[in-house]
There are 2 protein chains.
Amino acid sequence: MKLGLNLSFAIKRCIESERLATLVAEDLDTKYVQFTWDLVDPGWPAQTRDALAKDYAKAFKSAGVTVESTFGGLASYTYSHILAPSPELRALGRDHLKNAIDMTAAMEVPAAGMPFGSFSADDALNPARREEIYKEALEIYVGLSRHAKERGLSMLLVEPVPLATEFPSTAADALRLMQDLDGQTDVPVRLCVDWGHAMFEPLFGTDANMDHWAEVVGPWMAVYHIQQTDGHYDRHWNFTHDGLVTPELLRNYWDRYGLTDQTYFLEIIFAFEERDEIVLEDMKAALKLLRAG
Amino acid sequence: MKLGLNLSFAIKRCIESERLATLVAEDLDTKYVQFTWDLVDPGWPAQTRDALAKDYAKAFKSAGVTVESTFGGLASYTYSHILAPSPELRALGRDHLKNAIDMTAAMEVPAAGMPFGSFSADDALNPARREEIYKEALEIYVGLSRHAKERGLSMLLVEPVPLATEFPSTAADALRLMQDLDGQTDVPVRLCVDWGHAMFEPLFGTDANMDHWAEVVGPWMAVYHIQQTDGHYDRHWNFTHDGLVTPELLRNYWDRYGLTDQTYFLEIIFAFEERDEIVLEDMKAALKLLRAG
């Protein structure tokens, strides 16, 4: 199986570009990364933002590491984006992904992604409002795919999340989104499925397993996030922690569905107050476990 | 004791301005709030940002709720700001707080705050680099205090955090920062001390209690964040959860130090995947416990 690192583990810690590239290539012996927008905020002024982003891209290239995609992290996920209740907020959500596409293009990285958006608590309970906002969001997203193509990207990624107030959350939701966008967008749109989201039992019950996702949206899944979880919350624990996901399960899934290049990006979110030396040792230990699996 | 709400509990959930103001004033029967930048990103284009922020300010005013300050939340805390390793990142940190001051002014709110900043893992271990960057950050902050004064703010707030790689973390750090800024800034700078940060045992050991903070920086503490914690991590649990902080402890501290208007802002951070109805019931239950304490 092809392992990669989402860079969330490094935010606020190892943020100097060459130092981070060396950490990934040498200390963690990894060749594929997904660059998190928590390192460079897509909303920063374009010239400074692109200079910073290019500096990271150059450092990874020099270290022999491929940045396969860029992705929204904690800061991005704090806002509601294109499913927000007002047209003003939805326009800000559109600009957010537009900015991220520009930054991704500056890095010469082929794909960018994030969750689709979040309904407000009130809208989430109102089927008519959900449908109205969803239709608008589809139009926005089709427009963004045109922008992605113009900037030279070859794919956009959407990450389903384990919340009934967002979209898509279920595999059926994800299938609907893929089918609604299929043939409409200027670059293909695919799913980045997070194992810990898919295995969230409070929302998905007996469907809370990756085989269900493979059955429903198998061909649409281009990338995975992997994390350890107990199925009760979206834990983003590391694989040094006991839980439902084992290296054997990951490898078995990879082999059984004949995956080839749908990188498993380890997306571990440490408490901010966790000590840097513990984070580094924990990442090394988890990668060792995963590689032995 | 004077209870208020930091609005972090509502992000992505109850974000419509009038709905949120009604929730605070009626469902939660609260008159004081600290507005989180997780509702309006200070980095959004100024005109749209200020219109959205003013709309929240107006809604709270109509509901009889006072917005006492605005404060950085999860998205803001994701970046390193004025203690970052490069001049470019520190300038972005300066602009971040400058933007937040502008937004706060647009809301006609008198105070804005956030943690001071975060050293990289490497810089944090290098005393000379720490000192050099700290000196630059002080200059930046003095400049920001001028901007705050020009925009009509009357106070800036700094929140100490439970990480040795940031500054200030200890009460002694916080005292140094207050003394270094005292007399230099155009508006007073005070501390917003989070009980859960102060009680973080892995870093502070036997000093991990609020009496220690009262002794060292008592006069500098203008505002508090309250949260439930076990002292092992920065939990931001609600008071429906067992832990080290009890309503009695909070009231006893308030009375013993003769506090008058240093609002205890309840800052609860729910998992994004927690259900909206659970969040609301939990907030109601916690406020009931706190008011009975």
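The values are calculated or read from the model by the stated rules, or taken from the named source; none is laboratory data. Quantities reported herein were computed from a predicted structural model and do not represent experimental measurements. Here the Cβ is made from the backbone with ideal geometry for all residues, glycine too, and neighbour counts use every protein chain on show. All accessible areas refer to the heavy atoms of the entire protein, side chains included, with ligands and DNA or RNA removed. Shrake-Rupley method; radii C 1.70, N 1.55, O 1.52, S 1.80 Å.
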Worksheet item: Out of all the residues in the range B:254-285, which are away from chain A (no Cβ under 13 Å) and small (Gly, Ala, Ser)?
Response: B:Gly258, B:Ala285
Fill in: Residue within the range B:6-24 that is modelled with pLDDT of 95 or more, farther than 22 Å from B:Thr260 by Cβ, assigned to a loop (DSSP other than H, G, I, E, B) and open to solvent by less than 10 Å² (accessible area, probe 1.4 Å) present
no
Response to the item:
For the range B:26-54, the count of residues that are open to solvent by 30 Å² or more (accessible area, probe 1.4 Å), touching a Ser or Thr at 6+ places or on another chain (Cβ under 7 Å) and not aromatic (Phe, Trp, Tyr) equals 1
Worksheet item: What tally of residues in the range A:273-292 results from selecting those that are out of contact with any Phe, Trp or Tyr (no Cβ under 7 Å at 6 or more places or on another chain) and open to solvent by 20 Å² or more (accessible area, probe 1.4 Å)?
Response: 13
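Take A:Val187 and tell me if it is open to solvent by less than 10 Å² (accessible area, probe 1.4 Å), farther than 25 Å from A:Tyr253 by Cα and either within 14 Å of chain B (Cβ to nearest Cβ) or not in a helix (DSSP H, G or I) (or both). Give the steps one after another, and end with the answer.
Working: open to solvent by less than 10 Å² (accessible area, probe 1.4 Å): yes; farther than 25 Å from A:Tyr253 by Cα: yes; either within 14 Å of chain B (Cβ to nearest Cβ) or not in a helix (DSSP H, G or I) (or both): yes.
Spelling it out, A:Val187 is indeed open to solvent by less than 10 Å² (accessible area, probe 1.4 Å), farther than 25 Å from A:Tyr253 by Cα and either within 14 Å of chain B (Cβ to nearest Cβ) or not in a helix (DSSP H, G or I) (or both).
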Response to the item:
Residue hits (the range B:131-156; open to solvent by 10 Å² or more (accessible area, probe 1.4 Å) and within 14 Å of chain A (Cβ to nearest Cβ)) are none
Fill in: Cβ pairs under 7 Å, 6+ apart, first in the range B:142-163 and within 18 Å of B:Gln34 (Cβ to Cβ), second modelled with pLDDT under 95 and in a helix (DSSP H, G or I)
none
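I'm checking my understanding of the structure. Among residues of the range B:215-243 that are in a helix (DSSP H, G or I) and within 18 Å of the chain's Cα centre (by Cα), which one is farthest from the other protein chains (Cβ to nearest Cβ)?
Start the filter on the range B:215-243 by keeping residues that are in a helix (DSSP H, G or I), which leaves B:215-220.
Retained after the next criterion (residues that are within 18 Å of the chain's Cα centre (by Cα)): B:217-220.
Details: B:Val217: 20, B:Gly218: 24, B:Pro219: 27, B:Trp220: 22 Å.
My answer is B:Pro219.
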Item to complete: Please work out which one of (1) over 18 Å from the mean Cα position of the chain (by Cα); (2) surrounded by fewer than 20 Cβ atoms within 10 Å (Cβ to Cβ); (3) in a helix (DSSP H, G or I) is the condition B:Lys98 fails and give its number.
Response: (1)
Practice prompt. Name, by its number, the condition in (1) within 13 Å of chain B (Cβ to nearest Cβ); (2) touching a helix residue (DSSP H, G or I) at 6+ places or on another chain (Cβ under 8 Å) that does not hold for A:Tyr77.
Written response: (2)
Worksheet item: Tally time: how many residues in the range A:58-87 are of a type in the set (A, V, I, L, M), closer than 30 Å to B:Arg49 by Cβ and either open to solvent by 20 Å² or more (accessible area, probe 1.4 Å) or touching a His at 6+ places or on another chain (Cβ under 9 Å) (or both)?
Response: 2
Worksheet item: Counting just the residues of the range A:102-122 that are in contact with a Leu (Cβ under 8 Å, 6 or more places away or on another chain) and either more than 30 Å from A:Phe60 (Cα to Cα) or assigned to a strand (DSSP E or B) (or both), which one comes out nearest to the other protein chains (Cβ to nearest Cβ)?
Response: A:Ser118
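Given the structure, is A:Ala285 assigned to a helix (DSSP H, G or I) and without any contact (Cβ under 8 Å) to a residue 60 or more places away in the chain?
Working: assigned to a helix (DSSP H, G or I): yes; without any contact (Cβ under 8 Å) to a residue 60 or more places away in the chain: yes.
Judged against the criteria, A:Ala285 is a match.
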Response to the item:
Of the residues in the range A:236-264, those that are aliphatic (A, V, I, L, M) and either closer than 21 Å to A:Glu68 by Cα or open to solvent by 80 Å² or more (accessible area, probe 1.4 Å) (or both) number 2
Worksheet item: What's the number of the condition A:Tyr257 fails, among (1) in contact with a Gly (Cβ under 8 Å, 6 or more places away or on another chain); (2) closer than 23 Å to A:Ile11 by Cβ; (3) not basic (Lys, Arg)?
Response: (2)
Item to complete: Scan the range B:169-198 for residues that are within 26 Å of A:Glu274 (Cα to Cα) and among the hydroxyl-bearing types (Ser, Thr, Tyr) and jot them down.
Response: B:Ser169, B:Thr170
Worksheet, complete the sentence: Here the residues within the range A:26-45 that are more than 12 Å from every other protein chain (Cβ to nearest Cβ) and in a loop (DSSP other than H, G, I, E, B) are A:Leu28, A:Asp29, A:Thr30, A:Lys31
Worksheet item: Which of (1) over 12 Å from A:Arg13 (Cβ atoms); (2) within 14 Å of another protein chain (Cβ to nearest Cβ) does A:Pro247 not meet, given it meets every other one?
Response: (2)
Practice prompt. Can you tell me which residue within the range B:202-235, out of those that are open to solvent by 40 Å² or more (accessible area, probe 1.4 Å) and charged (D, E, K, R), is nearest to B:Ile278 (Cα to Cα)?
Written response: B:Arg235
Worksheet item: What number goes with the only condition from (1) under 26 Å from B:Asp242 (Cβ atoms); (2) surrounded by fewer than 18 Cβ atoms within 10 Å (Cβ to Cβ); (3) within 14 Å of chain A (Cβ to nearest Cβ) that B:Pro160 does not pass?
Response: (2)
Worksheet item: Picking from B:Thr70, B:Thr48, B:Thr22, which residue would you name as being of a type in the set (Val, Ile, Thr), free of Cβ contacts under 8 Å to residues at least 60 places away in the same chain, under 22 Å from A:Ser80 (Cα atoms) and within 11 Å of another protein chain (Cβ to nearest Cβ)?
Response: B:Thr48
